[in-house]
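To start, the structure under review is shown below, and the notes come after it.
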Amino acid sequence: MSCRIITCLVFFVFIFPCAEGQFPRVCTSLTSLKNKKCCPIPKGFSAPCGNDGNRGTCQELIIRDWTFKYSHYQTFQKKDDRHDWPHALYHKTCKCNSNFAGYDCSKCEFGYYGKNCTQKKTLTRKNFLTLSAEEKDRYMRYINMSRYYISDYVVTLTPYEEINETVMANRDPTAFFHNISNYDLFVWMHYYAARDTIKPHNMTRADIDFAHDGQGFPTWHRLYMLAWERTLQEIGNDENFTVPYWDWTGNKTHCDPAICSEELLGVTNQADGTVNGKYFDNWYVICTSEQTYSLTKICDPTNKEPGLKRRTEKEKKDKVRNEGYTMTFPTTEEVNFALRFESFDLPPYGKESSCNFRNILEGYASTKTGYRFQNVHTLHNQVHIVLGGVMGDVPSASNDPIFPLHHSFVDRIYEKWLRKFNKDASVLSSYDAPIGHNKDDVIVPLYPVYTHQQMFKKSFEFGYDYEDVDGNGKSSDDEKKVEPISLGDCPVPCSKKSSKSSAVHAGMRLCGLLMSLLPIWQLFLGD
């Protein structure tokens, strides 16, 4: 035990510019905040944003402003700090040139490497089950190390309005910002995006989730996973490291012992749900429902609760008996059902939508009918619910180190869809998705800013691939092609082939009518 504590103390003396998070520490001084400028001078340069090396320039930050032009707009949203992130604190930021990236342009864009970011490389994400013993342990080592390295990003519990008032009064704002480990930063960012809107008198509104319940679900998590992957690469000094994926279709009733073992992701104690294992003696969690008083208080990352829990077999049976949930992992057939849908999303572009790939993937629409019904939880959502513990609580889910493995597989499914149907960001709604999910909305709170449009691209664009997926999105777990295609109870898209047959034209007109009525019909089905 003493050796482990000493190791932790050694880790904590290092500060690594790894993660991409809420606010760079260097930009939280009185001068930066008063000037509303985050244009640091990177190491080895003498000008902001490395301009003397042609890496970038300090420019006006232009982001969308939420107004009644957006169909999901409500006036209370103006009081939610995330609405104006990061514009509330910064009006000028670094705009990086070429393949340079980062808050000070000292890094490379995803997929590029080398001193001048000219080396293009494509890394491969692999199935965790097929990794060697050393590769499996490497994942857990890097995850564990990240819990003890302090990020060069900081987080705040203070409303932006109070920070700005303090700065304008020429008072030091430093105390408003908190250091945080790299691992906890990613937990905190997921919580921050998914939490409720906190109103006065401990009142909340659950209408907004910047990472879930909308068309931006796959793109938000794609950027989040890329940033997390890069952090682990830098902590491990291993630029070839990738986050593997957990194919949860392989074992319907349990997390595969090759993953959930004492040596790796831990074993659940059936008496109390505590996860035990080599890496879990000193595990703690932050930002849980209990620690945030049912999301009525902003998460304090210094408030750490020891231990990690997952759902016991008894709790699973109780969930089935009392609430009617399906407490087994999704199947390959269900994944393939989602991949039949060419429509990425449909109005209202939230969790109430039916007959589209995104909402079936996220898990709000049935993998049998394609429709959204109350208490239907499939694919992504179903895995969270079956695992339970913090994984079953959306804001705090990434406290569990199985979270990246799960979302790497979800991203693989998204990638298969992108390659199969060859779609681009034109399929995204510009104004009719929930707040934070529209095409040009920034992905809150990852910094520097990216939009959903920027992340709606195939994985090759970001320098990674999946080992068993070809350029057309095909893999060994695909279903055999069946004609005519079945989309459950959803109308099959009309054929694009022309025909002189009046019967065919009549059928196409009927098909078009059904598709046009679908968005209206699904509003009645949503809860």
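The values are calculated or read from the model by the stated rules, or taken from the named source; none is laboratory data. Model, not experiment: these values are computed from the prediction. Neighbour counts run over all protein chains shown; Cβ positions are idealised from the backbone, glycine included. These accessible areas exclude ligands, DNA and RNA; they are computed on the full protein's heavy atoms, side chains included. Shrake-Rupley method; radii C 1.70, N 1.55, O 1.52, S 1.80 Å.
About the centre of its Cα atoms, the chain shows a dipole size close to 960 debye [charges on the beta carbon of Lys, Arg (+1) and Asp, Glu (-1) only; nearest 20 debye].
About its Cα centre, what dipole magnitude does segment 81-151 give when the only charges are +1 on Lys and Arg Cβ and -1 on Asp and Glu Cβ, stated in debye to the nearest 20?
220 debye
Each other residue within a Cβ distance under 10 Å of TYR160 adds +1 if Lys or Arg and -1 if Asp or Glu, for a net charge of -4. Evaluated at 20 °C with a viscosity of 1.002 mPa s, what Stokes-Einstein diffusion coefficient in µm²/s does segment 372-413 have when Rh comes from the Kirkwood expression over alpha-carbon pairs? In µm²/s, the coefficient is 201. Radius of gyration over Kirkwood radius for segment 250-302, both on Cα atoms: the Rg/Rh ratio is 1.11. In the structure shown, the pairs LYS107/LYS457; LYS136/LYS252; LYS69/LYS368; LYS351/LYS458; LYS368/LYS420 are assessed against 26 Å; a Cα-Cα span above that value is assigned to LYS69/LYS368.
Packing order of peptides 207-216, 445-454, 402-411, highest average first: 207-216, 402-411, 445-454 (average count of other Cβ atoms within 10 Å over each peptide's residues).
Here the convex hull built on the C-alpha positions of segment 371-491 has a volume of 170 cubic angstrom per residue.
In the chain, a dipole from Cβ-located charges (positive for Lys and Arg, negative for Asp and Glu) runs towards its positive end, and of VAL390, THR249, PHE68 it is PHE68 whose Cα lies farthest in that direction.
Within the chain, DSSP assigns beta bridges of which about 75% are antiparallel (rounded to the nearest 5).
Roughly how many percent of the accessible protein surface of segment 150-231 is carbon and sulfur, given a 1.4 Å probe and a whole-percent answer? Provide the component values of the computation, followed by the final result.
On the way: 1290 of 2570 Å².
Here it works out to 50 percent.
Rounded, prolate or oblate: pick one for segment 91-158, where a ≥ b ≥ c are the square roots of the eigenvalues of its C-alpha gyration tensor, a/c under 1.5 means rounded, and failing that, prolate if a/b is larger than b/c, else oblate.
oblate
A 1.4 Å probe run over the protein chains yields, for the chain, 43 Å² of accessible area per residue, whole-number rounding.
For segment 144-197, a crude dipole built from +1 on the beta carbon of Lys and Arg and -1 on the beta carbon of Asp and Glu, taken about the Cα centre, is about 220 debye to the nearest 20.
Loop-located GluC sites (Glu not before Pro) in segment 186-251 (DSSP state not H, G, I, E or B) with no more than 15 neighbouring Cβ atoms inside 10 Å: GLU239. Ranking VAL26, VAL167 from most to least accessible surface, computed with a 1.4 Å probe over the protein chains only, gives VAL26, VAL167. This structure gives Kirkwood radius over Cα pairs in Å, computed directly, and of (i) 26.4; (ii) 23.2; (iii) 24.2 that value is listed as (iii).
Per-atom-type breakdown for segment 67-106 gives carbon and sulfur 47% of the accessible area (1.4 Å probe, protein chains only). Volume per residue of the convex hull around the Cα atoms, evaluated for segment 290-411, comes out as 133 Å³. Annotation for segment 405-481: trypsin sites (Lys or Arg not before Pro) lying in DSSP loop with at most 10 further Cβ atoms inside 10 Å of their Cβ are LYS480, LYS481. Take every Cα pair under 8 Å whose residues are at least 6 apart in sequence, average their separation, divide by the length of the chain, and the relative contact order is 17 percent.
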